[in-house]
Structures are given as C-alpha cells and as structure tokens.
Amino acid sequence: MNLIDRYRRWRHGHGYGVHSPFAYFMVKEVVRPDKGYDYYGYAQIEDVCNAMPCNRANRKRHRQARTLLRLVARLGIRSTYLPKADIDAPYIAALKGADSRIELHCAMADMDQCDLVLSSGDYIPLQRLCEFISGPGKALAMRQVPQGWADTLFESLPQGLMLHDTDSLIIVNRAEMQKLSYSIKL
C-alpha cells in the first residue's frame, strides 16, 4: 500500500471527502465513533475478550466485535448468518449485545432470509455472496477477504455502500442510493 492509499484511508476514516450522508453516518457512527460514547453491549465484549490471551490477533478481533455491535445496532439487523467456522465468542457477544432478540443462523440454506451475513475468507463462495448482496436491504461484513473479491462484490452491488480495507469490508445494499466505495481502516 502506497502513501496516497494510506492518506485516503485516513481521510475517509475521519469523514473527510465522504459526501454521502449515509456513508458519513456509517463512518462516524459505526466505524469510527466519537470518543467517550460507549454502547451498552461493550461490557459483554470486554468480558469475553478479557478471558482471551492478549495478542495482536485478539486485539483486532476485539476491535472488529465492537464495530460489529455498532453496525448491527445502527442498521437494526434482525437476523444474521454466521457460518459455523466463524462462530467466535466476541462476535456472538457483539450480536447479542446489539439486540438480544437477534436471530442467528448457521445453515447456509438460511442465508438468503437473513439481513446480514458475516464471513471470513472463501468459506462462502463468491457467487453466492454476490447473489446475496444484490438483494435490497442486505448487508455483508467480511474479514480475511481474498484478493479481488472486494471489486467483484462491489460490481454486483446494485446500489449502496462499500467500506473496505486491505483485508476486510462492510457492504450495505441501500435502496435509492448510488453505489459508493470508500477505502477506510476497519
């Protein structure tokens, strides 16, 4: 990653150059909220993460879980598909912390009826993710995104927003919104 890409990620991560109101909302309320404001579900994530060894991977998982909690709470997600391979205590704590009534599905057959899909790597085939994200009101959060998948997923998005990093992304299909993509540190 060159210096210009890093500068763009920093700018977008602070809301500069993000002209869509929804995209700005996502950056300022979900990805990088103001300091001093805590969600009630943070305590559950803290409890789970404090029980894990302190290393770089777990700190990243902790940060991602907090972002997931804000994403689910802000979008009003009611059902989530989480592959069995990705079931992880911080992410479950984030989902339940956002809304204790949220439905969690682990069977791939149930994926299409969910509002949000969480995945990592190439566990779910790319074509299946493209079909899912083309549905109205759908959202996708991925980590360990394989090379080139972000571009393909963005092409299949009819309208909405994609926030992406070097190895993770958040895509929201939002009706009556032009397609936008921002490089941002997630």
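The values are calculated or read from the model by the stated rules, or taken from the named source; none is laboratory data. These numbers come from a predicted model, not from an experiment. Reconstructed Cβ throughout: ideal geometry from the backbone, glycine too, with neighbour counts over all protein chains shown. When the accessible area is computed, the model is the full protein with side chains, heavy atoms only, and any ligands, DNA or RNA have been set aside. Shrake-Rupley method; radii C 1.70, N 1.55, O 1.52, S 1.80 Å.
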Residue in the range 91-101 that is in contact with an Asp or Glu (Cβ under 6 Å, 6 or more places away or on another chain) and among the hydroxyl-bearing types (Ser, Thr, Tyr) present | no
Please verify whether the range 33-47 includes one or more residues that are in contact (Cβ under 8 Å) with a residue 12 or more places away in the chain, open to solvent by 10 Å² or more (accessible area, probe 1.4 Å) and under 15 Å from VAL172 (Cβ atoms).
-> no
Neighbours by Cβ (under 8 Å, 6+ apart or cross-chain): first from the range 50-68, surrounded by 12 or more Cβ atoms within 10 Å (Cβ to Cβ); second among the small types (Gly, Ala, Ser) and at pLDDT 75 or above | MET52/ALA89; GLN64/SER168; ALA65/ALA93; ALA65/ALA94; ARG66/ALA94; LEU68/ALA94; LEU68/ALA98; LEU68/ALA141
Check on TYR24, among the hydroxyl-bearing types (Ser, Thr, Tyr) and exposed (fewer than 11 other Cβ atoms within 10 Å of the Cβ) = no
Scan the range 177-186 residue by residue and report those that are among the basic types (Lys, Arg) and either in a strand (DSSP E or B) or modelled with pLDDT of 90 or more (or both).
-> LYS179
Checked against (1) under 21 Å from GLN144 (Cα atoms); (2) part of a helix (DSSP H, G or I); (3) in contact with a helix residue (DSSP H, G or I) (Cβ under 7 Å, 6 or more places away or on another chain), VAL48 satisfies every condition except (1)
Within the bounds of the range 174-182, is there any residue that is touching a helix residue (DSSP H, G or I) at 6+ places or on another chain (Cβ under 8 Å) and farther than 26 Å from TYR39 by Cβ?
-> yes
Enumeration of residues in the range 9-23 that are of a type outside the set (D, E, K, R), assigned to a helix (DSSP H, G or I) and at pLDDT below 85 = TRP10, HIS12, GLY13
Matching residues in the range 1-16 - criterion: being free of Cβ contacts under 8 Å to residues at least 24 places away in the same chain and farther than 23 Å from ARG66 by Cβ | ASN2, LEU3, ILE4, TYR7
